[in-house]
1. So for segment 116-136 (the condition being buried (at least 17 other Cβ atoms within 10 Å of the Cβ) and at pLDDT below 90), does at least one residue qualify?
2. Pull out all pairs, ordered by first then second residue, where Cβ-Cβ is under 6 Å, the residues are six or more apart or on different chains, the first lies in segment 177-200 and is touching a residue at least 24 places away in the same chain (Cβ under 8 Å), and the second is among the polar types (S, T, N, Q).
3. Taking the stated definitions as given, is Val334 surrounded by 13 or more Cβ atoms within 10 Å (Cβ to Cβ) and assigned by the TED database to the domain that holds Asp444?
4. With the structure loaded, tell me whether Lys221 is touching a strand residue (DSSP E or B) at 6+ places or on another chain (Cβ under 9 Å), among the basic types (Lys, Arg), open to solvent by 60 Å² or more (accessible area, probe 1.4 Å) and within 25 Å of Asn259 (Cα to Cα) or whether it fails that test.
5. Test Thr424 against the criterion of being of a type in the set (Ser, Thr, Tyr), open to solvent by 30 Å² or more (accessible area, probe 1.4 Å) and outside any loop (DSSP other than H, G, I, E, B), and give yes or no.
6. For Asn210, only one of the following conditions fails: (1) open to solvent by 20 Å² or more (accessible area, probe 1.4 Å); (2) modelled with pLDDT of 95 or more. What is its number?
7. Taking the conditions exactly as written (among the basic types (Lys, Arg), within 23 Å of Ala8 (Cβ to Cβ) and at pLDDT 85 or above), does Lys170 satisfy them or not?
8. Just checking, how many residues over segment 229-262 are of a type in the set (Gly, Ala, Ser) and more than 27 Å from Ile449 (Cβ to Cβ)?
Amino acid sequence: MAPKKSLAWDHFVDKGENKAECKMCKVIISYKSGVSNLTKHVQRKHISVNLVRREQQVDRQEEQEVQAHTSQTAQITAVNTAIQTIASNTIRSNPNPSSITAFLRRDCQKIKKQIDDHLMNLFIWDLQPFSIVEDKGFRELINFAFPNYTIPSRKYFANNLLPGLYEEIKINTKTALNEDAKSVCLTTDMWTSRNNDSYLAVTGHYVDKNFILQSVLLECKVFESSHTALHIAQELRNVAQDWNILDKVLLVVSDNGANIKNAILQLEWRHFGCYAHTLNLAVQKVLSHSNVNSIIGKVKAIVSYFKRSNLAWNKLKKYQEQANKVVKRPIQDVATRWNSTFYMIERFVELKDEIKCALSNLDTGNLINLTTYEWDICQSLVVVLQPCEEVTREMSGQKYVSGSSVIPLTIGLTNALKEIASQTYRQENNIDIFPDEVEMCRQDLLSEIGTRFSNLEQSRTYTVAMFLDPR
């Protein structure tokens with residue numbers, strides 16, 4: 001049998017009779033006394049996997065400190081365990097009691113692979129940095145729990161296990177996608193990072209044979225070509241071909257950018273605009289073209305002041321503590337983040353008294369505080385924007401289908417915005433003043449929603465989905 005200490009066995013399963021199965025591509029490879037065939041297969045077929053050694057170079061003095069501390073703790077544990085073991089052996093009259101050393105020091109070589117896999121989960125599930133395996137406290141914990149276990153190097157996890165696990169998961173996911181999915185809906189988006197790198201992401205959604213909604217990230221990569229419809233279409237086609245779903249794509253959901261819409265049409269796929277994105281555009285247009293835009297600008301300036309001034313923030317924090325409130329920070333508006341203007345104004349109104357007190361006791365320079373009437377406008381804006389935030393949050397869910405909710409939620413949103421204008425609603429919610437500027441925003445928002453979502457009930461896809469949804 002081939003020696004199991006070889007790094008190649010990290011990516012193979014021994015099938016017996018001198019045969020091993022690759023975890024990444026499921027190919028059966030023969031071997032004899034050595035594992036050269038297995039190693040060559042990894043190097044040729046899985047070039048992203050780097051077979052680096054497990055051992056790592058750590059600071060000798062630090063390692064000695066860790067081992068000394070672990071040894072001291074282990075001695076205390078050994079005494080306690082010895083007493084328990086002797087007492088247990090006496091009661092049970094066991095003629096062959098196991099030694100204390102064997103009891104304390106488990107043979108971690110037998111479970112080495114399992115420990116490696118659990119450590120990998122730290123990086124995959126919790127997004128911990130690979131450098132954690134070099135941290136003193138972490139090494140002390142592992143040495144105490146598994147004295148015979150050697151912690152692999154960060155390169156072993158990053159260059160050996162991670163690429164291998166990625167290919168293994170990808171082939172398993174691809175198999176499940178091809179077997180369970182009769183049709184697939186895609187969502188795609190493009191954005192630019194802080195480092196000015198453009199990215200393209202594609203996610204596939206389908207209902208498996210158990211009627212459970214599944215979502216799979218098919219691709220997330222740097223998009224180096226120009227953002228033309230032709231280049232985007234080529235990349236989307238490559239992703240679909242790679243996952244063998246080119247003939248299974250039912251429709252594609254994206255934002256309303258002309259380039260990405262044309263790319264989808266070039267592939268002869270059905271395109272649906274993202275509902276939440278469209279609603280967000282409607283809200284942004286209404287707020288930017290209304291009389292409340294200047295007031296929102298003042299709110300942004302005041303929030304920025306508390307964000308950048310440590311003195312101002314400490315004042316605001318102090319007044320919140322004096323009012324026996326949970327200390328909260330102002331929220332800044334982000335143009336690309338849905339509902340961020342609503343969250344900013346909502347928090348601003350929530351901290352109204354504390355902000356007014358803080359500003360009155362600070363040298364704010366040219367910063368202008370809000371008038372009483374402007375504060376009333378902010379409070380009324382929260383009432384108008386609240387239904388839009390609730391609908392956006394509902395339509396942004398990842399654990400449930402949302403297409404069937406489009407028509408009911410749109411009708412509900414329209415009715416909610418109409419109800420705000422009623423005298424009964426304002427009395428029930430103690431709204432004494434409803435400024436004309438906010439009333440104009442409400443009317444414009446209704447008009448925008450009516451224009452952008454005018455043909456929803458003529459859509460066969462949305463109506464059938466709504467009919468089939470038991471809700």
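1. Taking every residue of segment 116-136 in turn, at least one turns out to be buried (at least 17 other Cβ atoms within 10 Å of the Cβ) and at pLDDT below 90.
2. The qualifying pairs are Asn178/Asn244; Thr187/Thr203; Thr188/Ser254; Ser198/Thr192.
3. Judged against the criteria, Val334 is not a match.
4. It is true that Lys221 is touching a strand residue (DSSP E or B) at 6+ places or on another chain (Cβ under 9 Å), among the basic types (Lys, Arg), open to solvent by 60 Å² or more (accessible area, probe 1.4 Å) and within 25 Å of Asn259 (Cα to Cα).
5. yes
6. Going through the list (1) open to solvent by 20 Å² or more (accessible area, probe 1.4 Å); (2) modelled with pLDDT of 95 or more, Asn210 breaks only (2).
7. Against the criterion (among the basic types (Lys, Arg), within 23 Å of Ala8 (Cβ to Cβ) and at pLDDT 85 or above), Lys170 qualifies.
8. Qualifying residue count, segment 229-262: 3.
The values are calculated or read from the model by the stated rules, or taken from the named source; none is laboratory data. For clarity, every value in this text was computed on a predicted model and none was experimentally measured. All Cβ positions, glycine included, derive from the backbone under ideal geometry; neighbour counts span all protein chains shown. Protein only, heavy atoms only, side chains kept; ligands, DNA and RNA dropped before computing areas. Shrake-Rupley method; radii C 1.70, N 1.55, O 1.52, S 1.80 Å.
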